[in-house]
């Protein structure tokens, strides 16, 4: 096929070159017929200089020979396309692009995801090959950075004697970071998956107080929990630890999950002289953190920020005062108040607020956590803190909140009313709005069914709930007459409902509670009554 048969018309050339993608149009023998402007700018060549050339002749010579590898892989792909007449996608390839800097000709590392697609005529013959590529260099580099950060975090977990953990409260699943083995001698994959594995590690004399502090924090809806206690090592000895947890709740305030870290304070209770000797090494560790980090003296004066803080905020390097000016004005007072309270009480400091990005001036949410370090006498000698970017998490929670509002609106207008009871005592965890029209404005959430509906106990209501819960079964009461305050104006009217009592289960197949569904069938019952009355009247006439 001659080259001139493949050249696009002037109008089509204008359209093709303006496409918002990185495209080359090739002939069946791999000659470049045209290119998009974006492809030209990205790979630093002039379109008129490459039209009519083989695509392989446009690869610049790179001393590292990486482009030779890319050329070989590209040839294999194009030959596969001409053979199969089907699209072919190359594996990730490195093709370095010449720099446009004046002076010596250099190369910049780039990575590409490329697909070659044949364009066929009515006879099924290849007319063109569309060479489409994406520059995924940023993604590849970020993957490398993430891997390096994970390695750094693993190193810091070991150096600072910390262990990360996560507890799925709903499903009773506890997971540990790999540093559990190095810090305390327990292999994570050998631990019982339930919360009991933690219970067994806490010193018996400390367990009751620690457990109560967790329960109190959840009852009060607190996000943060912290406590010090003794944790058993694999060799039977006990380490003095600081445990810090962050609770996540659902829309009804029910705790779902807890994330946390355990810090072995045995190594922190050293003399001040020893701490001074390790100060340089400690700062080097903080510099390697993938987060922003800082230290402060016992009175709360900031002594040090790592490089990440200065790079993100634009604060002059080496300066430690005036850090509050980089916080969102609406959040400054809360941050300062929380910090002063933590310093005064010598307790964990943790708060969420927005910090300004010096690049574009935008604000992102961060979680700042400060941990007091103690000497042998139990006095704070240093504060160590980090900032963790939680902007994406905040947005996700906001989306969940909006979805919860949508669900609540749907339930508000649903003809079925729901009540979810949990556990053998049938504790109410959720009621849809219609339940208030059935039984009035009682106190439901967190109370057992026996206290919510005491008038139904003599009728066997509790026995029915126990039966469904114990047997994991379903029961139904049809066309039950009730007084229904449809408009919640204190004027209830006769109505009929079908009540369904159905056991709910955990992911492990264990009965978790009972879901009560009340569906109104008033119109159906009235229609049936009319039909029965009409049939009876006809029988009388016929008789």
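The values are calculated or read from the model by the stated rules, or taken from the named source; none is laboratory data. Computed from a predicted structure; not experimentally measured. Heads up, the Cβs are rebuilt from the backbone with ideal geometry, glycines too, and the neighbour counts pull from every protein chain shown.
Please give the strands (runs of 3 or more DSSP E) falling wholly within segment 464-521 in which 3 or more residues are buried (at least 17 other Cβ atoms within 10 Å of the Cβ). Full working, then the answer.
On the way: elements: 474-484, 493-505, 511-520.
Qualifying strands (runs of 3 or more DSSP E): 493-505, 511-520.
Within segment 495-523, work out how many residues are free of Cβ contacts under 8 Å to residues at least 24 places away in the same chain and either farther than 29 Å from residue 171 by Cβ or more than 29 Å from the chain's Cα centre (by Cα) (or both).
Qualifying residue count for the region: 3.
From the list 480, 465, exactly one residue is within 30 Å of residue 254 (Cβ to Cβ) and under 42 Å from the mean Cα position of the chain (by Cα). Which is it?
Being within 30 Å of residue 254 (Cβ to Cβ) and under 42 Å from the mean Cα position of the chain (by Cα) holds for just one of 480, 465, which is 465.
Output the number of residues of segment 35-50 satisfying the condition of being modelled with pLDDT of 85 or more, surrounded by fewer than 18 Cβ atoms within 10 Å (Cβ to Cβ) and part of a loop (DSSP other than H, G, I, E, B).
1
For segment 17-34, enumerate the residues that are without any contact (Cβ under 8 Å) to a residue 60 or more places away in the chain and farther than 16 Å from residue 115 by Cβ.
Matches in segment 17-34: 17, 18, 20, 29, 31, 32, 34.
Can you run down the residue pairs with Cβ atoms below 7 Å, 6 or more apart or on separate chains, where the first is in segment 35-52 and touching a residue at least 40 places away in the same chain (Cβ under 8 Å) and the partner is surrounded by fewer than 15 Cβ atoms within 10 Å (Cβ to Cβ) and in a loop (DSSP other than H, G, I, E, B)?
44/100
May I ask you to say which residue of 299, 308 is loosely packed, with under 13 Cβ neighbours inside 10 Å, under 24 Å from residue 224 (Cβ atoms) and either in contact with a helix residue (DSSP H, G or I) (Cβ under 9 Å, 6 or more places away or on another chain) or modelled with pLDDT under 80 (or both)?
Checking each option against the conditions leaves just 299.
Does segment 169-210 hold any residues that are in a helix (DSSP H, G or I) and touching a helix residue (DSSP H, G or I) at 6+ places or on another chain (Cβ under 8 Å), and which are they?
179, 180, 181, 182, 183, 188, 199, 207
Which residues, taken from segment 464-481, are over 15 Å from residue 515 (Cα atoms) and either out of contact with any helix residue (DSSP H, G or I) (no Cβ under 6 Å at 6 or more places or on another chain) or not assigned by TED's automatic domain parsing to the domain that holds residue 506 (or both)?
Passing the criteria: 478, 480, 481.
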